[in-house]
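The values are calculated or read from the model by the stated rules, or taken from the named source; none is laboratory data. Just so it is clear, the model here is predicted, and its values are computed rather than measured. When we count neighbours, we look across all protein chains shown, and the Cβ atoms used for this are built from the backbone with ideal geometry, even at glycine. The area values use the complete protein model at the heavy-atom level, side chains included, leaving out ligands, DNA and RNA. Shrake-Rupley method; radii C 1.70, N 1.55, O 1.52, S 1.80 Å.
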Amino acid sequence: AGQAHFSLTTASYLSGDSASYQLSTTASHAVHGSATATASYTLARTPYFLTAHPESGALAVEIESDLYLQVSNALGEEAPGGLSVEVQGQGIVGGRVLATTDAHGLVRVSARVPRTAVARTAGGPCSGTTATEIIASVLRPGSRGPAEVNLCVPVVLGIEVVPHVDRVVVHGGERIEVTLRRRPGTRHRVLVELLHDGRPRAYAFADPNES
């Protein structure tokens, strides 16, 4: 038994944020024949990637809601807790916020999108969608600087009430509390339904002064 050591130069250009490659090696012996083994590796521009997920699938104009950023590595694995993430944009409450990932690699920030921050563009990360744009970056100690990424967050118009779940990750048997967040001045009675696999399981009416 023995070991063979090789060195190689990885690709200097990536057409996307990451790419997977496969290596194949063959060992040959005059008496015992040959054997082939393969291995794969992933090459990425940055150690971490960010995706934006509004709590209701999209942000609603002038209604404060939670925006979740999922931080993961190039293999799709959740980032560790405690990473610092900076988020900025017109739709972010305060304009700029610094938060840390939880044990699931999630960052939660408060968003309230003004009508002036919503657009439907023909180019850029939000091309063809009604959305607002934010800038996010993972701050790593000792790095040469944060790698900023522009993220597109979908926005819906004309919505007056959105549901809000305080905890998005729960264990079996735990209680889930849902509150309603309304656009300022909204005074409508609304129907709230609990759906499972697309079917209603429970419902309740909420008066204008109830949340």
Practice prompt. Among the residues of region 21-55, write down those that are modelled with pLDDT of 85 or more, among the hydroxyl-bearing types (Ser, Thr, Tyr) and surrounded by 11 or more Cβ atoms within 10 Å (Cβ to Cβ).
Written response: Thr25, Tyr48, Thr51
Worksheet item: So which residues in region 105-117 are within 30 Å of Pro80 (Cβ to Cβ), open to solvent by 50 Å² or more (accessible area, probe 1.4 Å) and touching a strand residue (DSSP E or B) at 6+ places or on another chain (Cβ under 7 Å)?
Response: Arg108
Worksheet item: For Arg120, all conditions in the list (1) modelled with pLDDT under 90; (2) open to solvent by less than 30 Å² (accessible area, probe 1.4 Å) hold save one; what is the number of the exception?
Response: (2)
Worksheet item: Of Gly185, Gly172, which residue is at positive phi and either in a strand (DSSP E or B) or among the small types (Gly, Ala, Ser) (or both)?
Response: Gly185
Practice prompt. Mind listing whichever residues of region 162-211 are open to solvent by less than 60 Å² (accessible area, probe 1.4 Å), without any contact (Cβ under 8 Å) to a residue 60 or more places away in the chain and β-branched (Val, Ile, Thr)?
Written response: Val170, Thr179, Thr186, Val190, Val192
Fill in: Number of positions in region 89-104 that are within 23 Å of Val156 (Cβ to Cβ), touching a residue at least 24 places away in the same chain (Cβ under 8 Å) and surrounded by fewer than 17 Cβ atoms within 10 Å (Cβ to Cβ)
2
Worksheet item: Taking interchain pairs and intrachain pairs at least six residues apart, which have beta carbon atoms under 6 angstrom, with the first residue in region 14-26 and more than 17 Å from Gly76 (Cβ to Cβ) and the second open to solvent by less than 90 Å² (accessible area, probe 1.4 Å) and among the aromatic types (Phe, Trp, Tyr)?
Response: none
Item to complete: Working only within region 66-80, note down all residues that are closer than 15 Å to Ser110 by Cα and surrounded by 20 or more Cβ atoms within 10 Å (Cβ to Cβ).
Response: Leu67, Leu69
Item to complete: Please indicate, with yes or no, whether at least one residue in region 15-36 is among the charged types (D, E, K, R) and under 25 Å from Leu157 (Cα atoms).
Response: no
